[in-house]
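See structure below.
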RNA sequence: GGCGACGUCGCCAAGUGGUAAGGCAGAGGCCUGCAAAGCCUCCAUCCCCGGUUCGAAUCCGGGCGUCGCCUCCA
């Protein structure tokens, strides 16, 4: 089976053949750290985390580089507004970004260069571009001459002349051509600056990624990714800079993630319709947010809403319940006579088929929505088996069920969606002791013994058909976030995460 | 105005030539003392029109609509 992916350069799905067998080098544009990231930013980072995880699952050794842009106009502006230095703004929000990625469960990059730590190589690339006739100096600024690079526009599918007639490009008299962009900007008083052959200044945004990717990975590297809004001009300019400077192709595959919308409109800081990631994570666990994102293909636009988060929560519970139930059953004796061999084999077959579908879907340009569909079907098959055989389960039955649950855990894990860890989840709240004292006459101080006493009291009450007393136990526990569910194998206790 | 993407059940969404996955919501049923969880059944012919084909949601043409990029933006 070959892995196929959609290459923005050429706009077609292609077989993925890495530069070096078994290894993948990828570079993803990181954030400009002038604020907390919003969930639209988070979507892109989750998409590329998915891609990375799947490549690793497929056995590739992945070099994953993501920059942090810690010097930029926006940072300078934010600093001025807050009355602090640009370096302080950058430091605050790069820490916040790293924490956000950790909270989301995004795997750490193998390298995470910062613009301010890469100034030397950036100056070198600008010098190379000037030497080769692709850039020119005006009053301490350096511009890239777009018309000097014949391939300009090949990534975004634009024609230079069309762009110029677009008339939305700001005219700067000092530029030879309105489309020329800054490689190096001279510093105004109070702005961060570094010494260069053209005077004190700072690098242009597009330059950073060209330099950091080449520095970490060499060119051409395999995959360059980012949000689709970066295709033009950011990535187009990167191609121009890097290929003009090195004379070699830059990135072999360009992958772009779809935008996250709110009310069918792109979420962005400039539109003011954004929701910060940290606020979402306060209300919903990271796996739920991930599940929501994964139910849409990474290249498609995704409409975000609280309703969808609620739906994703319900869907997530479906997986969690299935795994929890099977894990719980496997921890207890299974003296039943067993389901029919045919039933067991049928479930085993579903496991095998689902694994194959998962792989086929993910191999097809990382179709996580299709892959998730397969996993939901496996959950239904396992639940159905359970439902049909719950009173006769045998050890071999539990083995097959265990295989189904393990498959769900493993493959969701490949997608980065972690499930609550079965019975090793949160421990019982101390409140159960008080309830046990009140309802079951328990006098110790051990939560586990208190719970046993409560379950015993409830079983006795149910045997006596004393529903009020039985419900007092269940309702009292529910108030503490402890659920009691009656199953064919006895009452099952579930402690919620919070 | 230029370039591009998209339009599939109430909502979300996969499927790119062989007869519509999945999730959420809804209806009915089963299980339960009641619940919860779960199971079963039901629930679309794919924006419109025309064409190609034995056969199209899938290809082509024309509409209509939505969105993105063209300026900083994940």
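How high is the FRET efficiency between residue A:478 and residue A:305 when r is their beta carbon distance and R₀ equals 25 Å, given to the nearest 0.05?
Numbers: r = 29 Å, r/R0 = 1.15.
For R0 = 25 Å, the calculated efficiency reads 0.30.
Using only DSSP helix segments of four residues or longer, with each worth -39500 (n - 2.57), what per-residue ellipticity at 222 nm results for chain A after dividing by its residue count and rounding to 500? Each step should come with its number before you reach the end.
Details: 16 runs with 237 residues, N = 498.
My calculation for chain A gives -15500 deg cm²/dmol from helical runs alone.
Project the alpha carbons of region A:312-377 onto their principal axes and report the range along each, largest first, in whole Å.
Per principal axis, max minus min of the Cα coordinates gives 46, 30, 14 Å.
Measure nothing but the geometry: give the 0 to 90° angle between the long axis through the Cα atoms of A:205-217 and the longest principal axis through the Cα atoms of chain A, rounded to 10°.
The angle comes out near 70 degrees.
Could I have the simple spin-label model distance between residue A:356 and residue A:74, label points 7 Å from Cα toward Cβ, reported in nm to one decimal?
Label-label distance for residue A:356 and residue A:74, simple model: 4.7 nm.
With no solvent and one equal point scatterer per Cα, compute the Debye intensity ratio I(q)/I(0) for chain A at 0.09 Å⁻¹ and report its log10, rounded to two decimals.
Listed by q, the Debye log ratios stand at -0.74.
Could you state the per residue volume, in Å³, of the convex hull enclosing the Cα atoms of region A:33-97?
Roughly 85 Å³ of hull volume per residue.
Which percent of Cα pairs goes in each bin when the distances of region A:1-131 are cut into 10 angstrom slices starting at zero?
11, 33, 31, 20, 5, 0
Expected output is a single nm value to one decimal: the length gained when fully extending between residue A:164 and residue A:271, i.e. 0.36 nm times separation in residues minus the C-alpha distance. What is it? The partial results should precede the final answer.
Values: separation 107, 0.36 × 107 = 38.52 nm, distance 2.56 nm.
The residue A:164-residue A:271 span can extend by a further 36.0 nm.
On alpha-carbon atoms, Rg over Rh for region A:4-283 using Kirkwood Rh? It would help to have the intermediate numbers written out before the result.
Details: Rg = 18.6 Å, Rh = 19.6 Å.
With Rh from the inverse mean 1/r over Cα pairs, Rg/Rh is 0.95.
I'd like to compare A:156-163, A:216-223: which one has the highest average count of other Cβ atoms within 10 Å, and what's the full order after that? Mind dumping the intermediate values first?
Values: A:156-163: 13.8, A:216-223: 20.5.
Descending mean neighbour count gives A:216-223, A:156-163.
Starting from 0.36 nm per residue, how many nanometres of slack lie between residue A:248 and residue A:452 once their C-alpha separation is accounted for? Kindly include the intermediate steps, with their values, before the conclusion.
Numbers: separation 204, 0.36 × 204 = 73.44 nm, distance 7.02 nm.
Result: 66.4 nm gained on full extension.
Using a/c under 1.5 as the rounded threshold, could you call region A:115-268 rounded, prolate or oblate? The axes a ≥ b ≥ c are square roots of the C-alpha gyration tensor eigenvalues, and prolate needs a/b larger than b/c, oblate otherwise.
On the way: a/c = 1.37, a/b = 1.25, b/c = 1.10.
Here region A:115-268 falls in the rounded category.
Please report the antiparallel percentage of DSSP beta bridges with both residues in chain A, rounded to the nearest 5.
Numbers: 27 of 48 bridges.
In chain A, approximately 55 percent of DSSP beta bridges are antiparallel ones.
Just to be sure I follow: if Rg is taken over the C-alpha atoms of region A:247-388 and Rh is the Kirkwood radius over the same atoms, what is Rg/Rh? Walk me through the numbers on the way to the answer.
Numbers: Rg = 20.0 Å, Rh = 18.2 Å.
Rounded to two decimals, Rg over Rh is 1.10.
Can you give the translational diffusion coefficient of region A:431-495 in µm²/s, computed by Stokes-Einstein from the Kirkwood radius over Cα pairs at 10 °C and 1.306 mPa s? Please report the intermediate quantities before stating the final value.
Details: Rh = 11.5 Å.
The Stokes-Einstein estimate is 138 µm²/s.
What is the fewest-to-most order of A:136, A:298 by other Cβ atoms lying within 10 Å of their Cβ? Working shown, then result.
On the way: A:136 18, A:298 25.
Placing the least packed residue first, the sequence is A:136, A:298.
In region A:290-318, which residues have a backbone nitrogen under 20 Å from the label point lying 7 Å from residue A:264's Cα in the Cα-to-Cβ direction?
A:296-297, A:300-309
Calculate, for residue A:437 and residue A:376, the FRET efficiency according to 1/(1 + (r/R0)^6) with r their C-beta to C-beta distance and R0 45 Å; round to the nearest 0.05.
Details: r = 43 Å, r/R0 = 0.96.
Given R0 = 45 Å and the Cβ-Cβ separation, E is 0.55.
State the three equivalent ellipsoid semi-axes of region A:340-419, derived from the C-alpha gyration tensor as the square roots of 5 times its eigenvalues, in descending order and whole Å. Intermediate results must be reported in sequence, preceding the final value.
Details: eigenvalues 123, 29, 18 Å².
Computed over region A:340-419, the values are 25, 12, 9 Å.
Rank by packing, highest mean first: peptides A:343-352, A:20-29, with packing defined as the count of other Cβ atoms within 10 Å averaged across residues.
On the way: A:343-352: 16.2, A:20-29: 19.1.
Per-residue mean Cβ counts within 10 Å order the peptides as A:20-29, A:343-352.
Efficiency by 1/(1 + (r/R0)^6): what FRET value for residue A:430 and residue A:485, r their Cβ-Cβ distance, R0 = 22 Å, to the nearest 0.05? Display every interim value, and only then the final one.
Values: r = 22 Å, r/R0 = 1.00.
So the FRET efficiency works out to roughly 0.50.
Between residue A:88 and residue A:57, what is the label-point separation in nm under the 7 Å Cα-to-beta-carbon projection?
4.5 nm
Read-outs: derived from the displayed coordinates by stated rules, not from any lab. Note that the structure is predicted; figures quoted are calculated from it, not measured. Don't worry about glycine lacking a Cβ; one is built from the backbone with ideal geometry, like all the others, and counts go over all protein chains shown.
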